[in-house]
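A quick write-up on the structure given underneath.
Every number here is computed from the coordinates shown, using simple stated rules; none is lab data. Just so it is clear, the structure is predicted and the values come from calculations on it, not from any experiment. Virtual Cβ from ideal backbone geometry, glycine too; neighbours counted across all protein chains shown.
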Amino acid sequence: MSISKSIFDVLEQSSWIRKMFEEGIQLKNQFGEKNVFDLSLGNPLLEPPEKFKKKLIKLSKSNKIGTHRYMPNQGFKSTREKVAESLAKESEIPITDEEIIISTGAAGGLNAILKSILNPQDEIIVFAPYFVEYLFYIRNHNGSPVIVKTNERFIPDLDDLNKKITNKTKGIIINSPNNPSGVLYPQNMLKKIGEILKNKEKEFKSEIYLISDEPYRKIIYDNKKYPFIFPHHERSIIVTSHSKDLGLAGERIGYIALSPKDKDKKILFDAIVFSLRTLGHVNATAIMQKAIEEIQDESVDINIYKKKRDYIYTQLINIGYDCVKPDGAFYLFPKSPIKDDAKFVKKLQEYKVLTVPGIGFGSKGYFRISYSVDDWVLEGSVEGFKKAFNTIE
Ligand SMILES: Cc1ncc(COP(=O)(O)O)c(C=O)c1O
């Protein structure tokens, strides 16, 4: 075989996702783009702030020698300082540029972190439902993913967490606000997770990282305050990006922040910078680093996403769907009215509504809706949601 067996197997296993996408394209070709309501993609709808575009124009005209050259792999000092300043203000935790590494989005950051901490067969815990790429990222670096349950409101099941931590556990990844559920983990949940980690570290004489993947941190509604992880565990790492909060998903720009209290943060910093370099990312693009410096305190207009959440959530509840109201991000994760979520997603497709089955996120019996779409798409989908629901005996 010309390609790696493991990649071949993954492609085979995920062929249903490809099939779904292909069927979606076919539907659009057959019925026209405007008659198919695609809620399957997590692409940010909102455009970056004007300030970003102006800065980009200015940067592109700069004659400063060296603007486009290599730089320290951790990123420009000026960018790291601005990121640290804004994060310190937001979290009320004294974070400095010494704890910041600029990364190629959260995806690049997560891979650099995992490469830096994992020995072969080490375990990383993720909570279902999860962003499916986590499993691939963990396996990229010879780790084993271990799945922990959440309750009916998608909050981590701490008994299950307690049971699943072993002497091989090297880290746990949390993602709040969550893709796909939209749920925000409350402060006391983080506190309890921190306590469990501390006890288990003592029991196994091990060191366990708490990794918080937070690309939706600034997309939270109803004046909820974001609880940061740093006060709850010494060995904790934030990884995030501006893909969603500044609408820059295609630009691959984000950052990693290490806990100021981690006694090993210096070696961890060096390891992550080395990993970023040798994974071939080298550094995040120079122009993007400069472009985001002045807009660290900004985000896209969250109210637009909130209105969409309120609209589609209310419509679904009125139809009779069972759904947890999301606190943030731009997804809903309703219960499938029939047990077989893939079958229900197929039924929705018959009514020209495209969604993603819960099995794609490790949670059977649910499906994901992305409301990061134009209003006509959301409004147009309601009829299909009604019809599909009414076919259920
Ligand atoms: C939970 C989660 N983590 C990480 C990512 C990767 O984002 P990026 O690499 O664009 O920052 C995504 C993208 O959808 C996501 O939903």
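Among Y221, I138, N167, whose Cα sits farthest toward the positive end of the charge dipole of segment 66-295 (+1 at Cβ of Lys/Arg, -1 at Cβ of Asp/Glu, about the Cα centre)?
N167
Using only DSSP helix segments of four residues or longer, with each worth -39500 (n - 2.57), what per-residue ellipticity at 222 nm results for the chain after dividing by its residue count and rounding to 500? All intermediate terms of the calculation are to be shown ahead of the outcome.
On the way: 13 runs with 163 residues, N = 393.
Calculated mean residue ellipticity at 222 nm is -13000 deg cm²/dmol.
So for the chain, averaging the separation of alpha carbon pairs under 8 Å that are six or more residues apart and normalising by length, what relative contact order in percent results? If you can, show how the numbers build up before the last one.
Details: 704 pairs, mean separation 90.7, N = 393.
Relative contact order here is 23 percent.
If you average 1/r across every pair of different Cα atoms in the chain and take the reciprocal, what Kirkwood value do you get, in Å? Mind dumping the intermediate values first?
Working: mean 1/r = 0.0455 Å⁻¹.
Radius from the Kirkwood sum: 22.0 Å.
Between segment 165-207 and segment 247-309, what's the alpha-carbon centroid distance in Å?
Each part reduced to its Cα centre gives a spacing of 22 Å.
Find the relative contact order for segment 66-295 and round it to a whole percent, using C-alpha pairs within less than 8 Å whose residues are 6+ positions apart.
Details: 414 pairs, mean separation 65.0, N = 230.
Once divided by the residue count of segment 66-295, the mean separation gives 28 percent.
How big is the Kirkwood radius of segment 66-295, worked out from every pair of different alpha carbons and given in Å to one decimal?
Values: mean 1/r = 0.0566 Å⁻¹.
By the Kirkwood definition, the hydrodynamic radius is 17.7 Å.
Compute the separation of the alpha-carbon centres of segment 62-103 and segment 312-387 and state it in Å as a whole number.
Between the Cα centres of segment 62-103 and segment 312-387 lies a distance of 39 Å.
For S103, what residues show an amide H to amide H distance below 5 Å, using hydrogens built from the backbone and excluding near sequence neighbours?
For S103, whose amide H was placed from the backbone, the distant partners under 5 Å are G254, Y255, I256.
Among 122-134, 90-102, how do they line up by average Cβ neighbours within 10 Å per residue, starting with the highest?
Numbers: 122-134: 21.5, 90-102: 18.8.
Listed from highest to lowest mean packing, they are 122-134, 90-102.
Counting other Cβ atoms within 10 Å, which trypsin sites (Lys or Arg not before Pro) in segment 243-280 have at most 12 and lie in a DSSP loop? Present the calculation step by step, with values, prior to reporting the outcome.
Details: sites: K244, R252, K261, K263, K265, K266, R277; in loops: K244, R252, K261, K263.
Counting only loop positions with at most 12 other Cβ atoms within 10 Å, the trypsin sites (Lys or Arg not before Pro) in segment 243-280 are K263.
Decide, for segment 200-299, between rounded, prolate and oblate: order the square roots of the alpha carbon gyration tensor eigenvalues as a ≥ b ≥ c, take rounded if a/c falls under 1.5, and otherwise choose prolate if a/b is larger than b/c, else oblate.
Working: a/c = 2.52, a/b = 1.27, b/c = 1.97.
Oblate, because a/c is 1.5 or more while a/b does not exceed b/c.
Under the classification rounded if a/c is under 1.5, otherwise prolate if a/b is larger than b/c and oblate if not, where does segment 1-69 fall, given a ≥ b ≥ c as square roots of the Cα gyration tensor eigenvalues? All intermediate terms of the calculation are to be shown ahead of the outcome.
Numbers: a/c = 3.80, a/b = 1.53, b/c = 2.48.
Verdict is oblate for segment 1-69.
Which entries of K225/K335; K244/K386; K34/K386; K205/K263 have Cα-Cα distances beyond 23 Å here?
On the way: K225/K335 27 Å; K244/K386 30 Å; K34/K386 19 Å; K205/K263 16 Å.
Table pairs above 23 Å Cα-Cα are K225/K335; K244/K386.
Which order do peptides 224-234, 32-42 fall in by mean Cβ count within 10 Å, highest first?
With the highest mean Cβ count within 10 Å placed first, the list reads 224-234, 32-42.
Can you give me the relative contact order of segment 248-339 as a percent, contacts being Cα pairs under 8 Å and 6 or more apart? Write out the running numbers ahead of the final one.
Numbers: 37 pairs, mean separation 15.0, N = 92.
Computed value for segment 248-339: 16 percent relative contact order.
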